[in-house]
Amino acid sequence: MENLQCQCGHTNPPGTKLCESCGRSLTEKDQNSKLVDMRYEGTARRSQTYNKSIIDKIWNFFSSVKVGVSIIVVLLVAAAIGTILPQQAFVPASTEATIQAYYADTYGSIGRVYHALGFHDLYSSYWFIALVGMLAISLVIASLDRFVPLYKSLKNQRVLRHPSFMDKQRIYGSGPAAEDTLEKAETKLKELKYNVRTDKNGLLAEKGRFSRWGPYVNHIGLIIFLFGVMLRMIPGFYIDESLWLREGETRAIPEVPGYYLENKGFALENYTGEGGEEVFGEALDRVGTVAKNYQTDVVLYQNSEDALPGAADSQEVVAEYPIRVNQPLKFDGYAIYQMDFRLDELKAMTFALTNKETEESLGELTIDLINPVDNYELEGGSTVELLGYYPDFSGFENGEPQTATPLPNNPGFLVELTTPETPEGETSFITIQNTVEPLGENDFKLTFLSADTRDVSGLTVRKDSTLPILGLGGLIFMIGVAQGMYFNHRRFWIQQKADGTVLLAGHTNKNWFGLKKDLDRVVEYASLPAYTDQQDEIDKVEKAEKEGETLS
Amino acid sequence: MNLADLSSNLLYVAFVAYLIATFVFGGAVKGNKEGTFNSEKRWGKVAITITLIGFAANLGYFFTRWGATGHAPLSNMFEFTTAFGMTLVGGFIILYFLYKTAVLGMIVLPVALLIIAFASMFPSEVSPLIPALQTSWLAIHVSTVVIAEGILAISAAAGLIYLLKVVDPAKKSKQRFWLEAMMYSLVLVVGFVVVSSFFSLTGYEAEFTYVDKEDQEAAITYAMPPIFGMNEYVALTDGAMTPLVETPALVHAGKLTTVVWSVLVGTILYWLIRLIFRKRISALLKPFVKNVNLQLMDEIGYRAIIIGFPIFTLGALVFAMIWAQIAWSRFWGWDPKEVWALITWLFYAAYLHLRLGKGWQGEKSAWLAVIGFAIIMFNLVAVNLIIAGLHSYA
Ligand code: HEM
């Protein structure tokens, strides 16, 4: 493509609409139109100029605002579809099969279709992520396509423009004026905080040019944000582990080498509606119990530097802290959150070894339900041997006892009871409800005496090194939108011809109302000729034409 | 009078002031001769003064309630929706002082009244905060969101005025249909307020037990005669109406009943208006917009979004993410409320980009602004009451 030579002598790059130097329209279409398109100052944009190679085509596709808006709208609709039924993370099922069954059972055929289409995990589906990726590409290309020429053009602005540039501006006026008009206009405009440049018989007043960079700044912010989100797929940037910690227990913190956490106690507190809480009485009567606080008092330990790993006595206390909702424990880039709890988990059970007939006790034993020992020696020479332990007994399969989970929800014990009377031993299977004697009738049994319980805290261990990047992206985005939306780029061109006639044109990227308010003050002070909003004129003509149509 | 009573009295004052101001704005606009703004100039001052008094009382309500409850009154459906009504008026006041258009008040104030009345149908007693809400992020996040939504909603009001002026009531068209549909949906809200108030004043209550979708037995109290019964319901209240239809567990028949009652009463109201005036509501409003400057309305609608969008981003995304990170250990969890905030944001982003192109200013922008408001209301009402997630207030 060839460069475009303007009548004024300036050579413009191919694709230019308005001469970079004098502002004349370079295409026939623009020459004939009433108003000139000022959005990108009539500069040559790559996307509007080349359309040959495959790269041009891709570039043009992604730099189109239509395409950009379409991506946004598709994302929006997809996001909405994902809220029709709960996402899989919110349903009470955890395996592929149970999740599928949950959708089918709970929502019928709608649920089945929803699941089949993959909408139950929509936001991590490949096509959704691909859409976000396209949004990012579009953001980058569209911004580059516009920013570069716009920047150059605004940097190299000339004060004097050709009259045909002036009269194609939306705000335009011309007419006779006094000799000192230009000077007075300059004074007033400076008072209104415009940057004023003069050249021979003309002036250019400009204000808020930086607001033109707002969209590009905010797009950069978005890109940084999306980049940060992408980073979390790289191992090490992001840790998300859960840690169930029983009261009194100390455990190594998963994925956090060298650190241990002890649970000193968990507390769940509800509103009582008494004392200072009387104001809540009415609400509590209506809705029932309302939780006031979930809290785990913890101690954080760290292996001391010189100690052998795992040696219990070499741990140093790093912090003691009450972890509450909204108040995570933070250390060394990690944070531990109060997320969940289980109240009154069985801790230990105490039994008495008794003679069935006489009900005489031969001694007591306490079985720790988390770390049970195998052998219990009782005082009178009897022993109880734990042959099998099934913390969450769920029934027999092929004669073998089964456990559903490793949690002591429904403990079952296979024991051998040996007493001086029965030295060969008796086998018995005990659960909370009953006792089974698989090898025939026994003389002795274990009688349940008591159980200890404790609470379990559900904690989440989190490290997210991408947060600073996300924060930076968000901050830049906010600066960009504020810059682009709370400020406007306003310009006035004024020139006085030899015969005293003044030409006056104005442009703003937004808020024409504000521009006119500024201009009114200048016009009044400097006795400039009256101006019109040519858009109004066009609208009026169009309206009249429309009405004419309906009449005829 | 204690602080809580003072607070609710101030809300009444605000309500009455807005009601009066609506009529003064309406009169001010109606009094204009074709093409002049004399009446508007004179009476507009009176109307805005009354509005400001109402707004001061409204702020008084807000801060005295804050004092009475010990937390920012933004924690349940009543409080949040009332605050939205307040910020809507606040948004109007800002734009009134920028552009001095009385007709905007005539549209915004009745909508704000409707929203406050709607809010009052929800339990308004002082409720305690669950642990996740016990942080100053509640006030920071929710107040920013509600301010942004109040301002964004002004663009819908400007859009509505624009449409009332350009859509020809005499000619059958899609535009005429949808414009009237908007009016109809506003009347449905009136319907909801009317039935809810009626049955709550008469003290209607009917208790049932039912089996929920997790197969658990649950109990429910209907505040309106049950048109629909819950799954496998058993009536506990003698003499209560027997539900006409039993719904499957998936459908919340109690909420459905409320909706159907509101639609029923709203529709009757709507047809009464049609019968009395023998005109569509949009046609009834037409004389009020005769002097409207379309380009100015377009500009106001755009300006409201330009002011509101960054605030919305800050409140509904930035502050929301910061809080979510602190409370739930992740800044984003695809909870329905979060997703709808994102949808709202994407929608306004799409609006801003569409306006870059020619042909999208004016009428199309006006429709978009109205749709934006519909999305905000959807997030406020439907997502809270139907698609309940972590943010559920109901
Ligand atoms: C969610 C994603 C996006 C957000 C939040 C966003 C935000 C914005 C905002 C706030 C503006 C300023 C609008 C105004 O001042 O009126 C803007 C301008 C713009 N955006 Fe985006 N944008 C997004 C995506 C895109 C995409 C995908 C494209 C690709 C075509 C794009 C292209 C543009 C263009 C061309 C402008 C005008 C620039 C100018 O006037 O100099 N945006 N964007």
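The values are calculated or read from the model by the stated rules, or taken from the named source; none is laboratory data. It should be emphasised that the depicted structure is a prediction, and the values quoted were computed from it without experimental measurement. Cβ sites come from the backbone with ideal geometry, for glycine too, and all protein chains shown count toward neighbours. Side chains included, ligands, DNA and RNA excluded: accessible areas come from the protein's heavy atoms. Shrake-Rupley method; radii C 1.70, N 1.55, O 1.52, S 1.80 Å.
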Checking the structure you have, find out if any residue of region A:441-457 is over 25 Å from A:L365 (Cβ atoms) and in contact with a Pro (Cβ under 9 Å, 6 or more places away or on another chain).
no
Do the conditions hold for A:K17, that is, is it open to solvent by less than 90 Å² (accessible area, probe 1.4 Å), over 40 Å from the mean Cα position of the chain (by Cα) and over 18 Å from A:A505 (Cα atoms)?
yes
Scan region B:135-157 and tell me whether some residue there is away from chain A (no Cβ under 14 Å), over 15 Å from the mean Cα position of the chain (by Cα) and at pLDDT 90 or above.
yes
Of all residues in region A:60-84, which are under 19 Å from B:I386 (Cβ atoms) and more than 9 Å from every other protein chain (Cβ to nearest Cβ)?
A:I81
When you scan region B:240-293, how many residues do you find that are more than 30 Å from B:Q216 (Cβ to Cβ), within 14 Å of chain A (Cβ to nearest Cβ) and either out of contact with any helix residue (DSSP H, G or I) (no Cβ under 6 Å at 6 or more places or on another chain) or aromatic (F, W, Y) (or both)?
1
Can you go through A:F492, A:F513, A:F477 and tell me which one is within 15 Å of the ligand (Cβ to nearest atom), hydrophobic (A, V, I, L, M, F, W, C) and either within 14 Å of another protein chain (Cβ to nearest Cβ) or assigned to a strand (DSSP E or B) (or both)?
A:F477
Give the residues of region B:358-389 that are farther than 15 Å from B:I115 by Cβ, open to solvent by less than 30 Å² (accessible area, probe 1.4 Å) and in contact with a His (Cβ under 9 Å, 6 or more places away or on another chain), sorted by residue number.
B:V383
Would it be correct to say that A:L386 is touching a strand residue (DSSP E or B) at 6+ places or on another chain (Cβ under 7 Å), open to solvent by 20 Å² or more (accessible area, probe 1.4 Å) and not charged (D, E, K, R)?
no
Tell me, please, whether a residue that is over 20 Å from the mean Cα position of the chain (by Cα) and within 14 Å of chain A (Cβ to nearest Cβ) can be found in region B:29-49.
yes
So which helices (runs of 4 or more DSSP H) stay within region A:46-144 end to end and still have 3 or more residues that are open to solvent by 50 Å² or more (accessible area, probe 1.4 Å) and more than 16 Å from the ligand (Cβ to nearest atom)?
A:96-116
For B:M224, state whether it is part of a loop (DSSP other than H, G, I, E, B) and at pLDDT below 85.
no
Please go through region A:85-103 and give me each residue that is of a type in the set (A, V, I, L, M) and more than 10 Å from chain B (Cβ to nearest Cβ), ordered by number.
A:V91, A:A93, A:A97, A:I99, A:A101
Given the conditions (1) within 14 Å of chain B (Cβ to nearest Cβ); (2) open to solvent by less than 50 Å² (accessible area, probe 1.4 Å), and given that A:V415 satisfies all but one, which numbered condition is not satisfied?
(1)
With the requirement that a residue be more than 11 Å from A:A44 (Cβ to Cβ), among the hydrophobic types (A, V, I, L, M, F, W, C) and more than 11 Å from the ligand (Cβ to nearest atom), what does region A:145-159 give you?
A:V159
May I ask you to verify whether A:T422 is among the polar types (S, T, N, Q), more than 16 Å from the ligand (Cβ to nearest atom) and part of a loop (DSSP other than H, G, I, E, B)?
yes
Going through (1) surrounded by fewer than 22 Cβ atoms within 10 Å (Cβ to Cβ); (2) at the interface with chain A (Cβ under 9 Å from one of its Cβ atoms); (3) at pLDDT below 90 one by one, B:D335 fails only at (1)
Does B:V193 satisfy being under 19 Å from B:Y18 (Cβ atoms), assigned to a helix (DSSP H, G or I), in contact with a helix residue (DSSP H, G or I) (Cβ under 8 Å, 6 or more places away or on another chain) and of a type in the set (A, V, I, L, M)?
yes
Residue satisfying all of: in region A:289-306; more than 14 Å from chain B (Cβ to nearest Cβ) and surrounded by 15 or more Cβ atoms within 10 Å (Cβ to Cβ); modelled with the lowest pLDDT among these:
A:N303
